[in-house]
Amino acid sequence: MRVIRLFFKGIWMVIKFILSILILLLFIQQVLSWAAYFAIVKPKANDIAQDITSYIQINERYISKEWVHNYVTARKSSGYIKDSEHITIIYSQPSNDRRFEVTVYLSGTYLSGLADPTIVVVNYYGVNYGDLPEEGIYFNYRPDGYEPDTSTSMKIVEKVIVEAAVDEPSIDEDLAYLGTDFYFTEYEMKAIEAMQSSCIACHGMTLEGLVGPSLINLNEKYSKDEILEIIVNGKGNMPAMFLDEESKIAIVEYLYSLN
Ligand code: HEC
């Protein structure tokens, strides 16, 4: 009896030992994977998203899938993005909104396969100060060519952008900087487009003044008719502007609403 009991006790000890080793190994692997997550993958995904975001803001233009392809290819050839890493870049910007969203998904094999963090997702929101796309853009770029159908998610993304903008202080600052609302009605878009070709060269991109004075808070100074009069006949060093009737009215309404 004693011998049998001792025998089972021995087996139990061996099982306990193996279990502890397994748990320890799992623990070590988890720690390594966290280390890879925080030390390598997260900063890299952040870098990439930031790169793309500042490119758009500095160059004042939205980007195409080809641009992203060239960007990823360049970063791969410099060795920054490894062949073993999977990267997906999602870019979206609605046609009537200066805000855009960049999402980077990154995953890979790190520390010789011991630590593979689950996919890292980084979201960036920015403001495109330049031209707006004619149609909303939403693309999902993966260098291996696999591309899930995302055409139906545009609406959802627009919602995400709006929600995010509400709690992002930087976006609020950008809003203040532009001095105008981000969502434009069709009528406001008409005014903005007309002003982009006829007025901003002298009055500045944000209408805060350049060669000509600021066009913000005009309603404290002029009536709508007087603004129209200035556009039609010019004033001082400002030449008369030749525009179609609808653009002129749209501009007057828009300028009058800016304060
Ligand atoms: C070639 C440069 C130029 C362009 C283009 C131009 N402006 Fe001007 N604008 C000026 C200058 C300079 C003044 C200051 C005139 C003065 O008071 O002597 C001015 C003044 C004005 C004023 C009066 C501002 C004030 O506070 O008195 C308004 C309004 C105005 N511009 C609107 C427009 C609009 C709208 C457009 C586009 C349709 C436009 N301007 C295009 C140069 C320009």
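Bear in mind these aren't lab numbers, they're just calculated from the coordinates by the rules spelled out. These numbers come from a predicted model, not from an experiment. A quick note on method: Cβ atoms are made from the backbone with ideal geometry, for glycine too, and the neighbour counts reach across all protein chains shown.
Quick look at the values:
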{"quantity": "Highest average packing first - 4-13, 26-35, 53-62, Cβ atoms within 10 Å", "calculated": "53-62, 26-35, 4-13"}
{"quantity": "Modelled FRET efficiency - R0 25 Å, Ser214 with Tyr55, Cβ distances, 0.05 increments", "calculated": "0.30"}
{"quantity": "Spin-label model distance (nm) - Tyr105 vs Leu258, 7 Å beyond Cα toward Cβ", "calculated": "4.1"}
{"quantity": "Gain upon complete extension [Glu134, Val31; 0.36 nm per residue less C-alpha separation]", "calculated": "32.3 nm"}
{"quantity": "Debye equation applied to the C-alpha atoms of region 51-111, log10 I(q)/I(0) at 0.14, 0.18 Å⁻¹", "calculated": "-0.45, -0.70"}
{"quantity": "For region 178-256: relative contact order, % (alpha-carbon pairs under 8 angstrom, 6 or more apart)", "calculated": "33"}
{"quantity": "Distant-in-sequence amide H partners of His86 (H built 1.01 Å from N, under 5 Å)", "calculated": "Ser107, Gly108"}
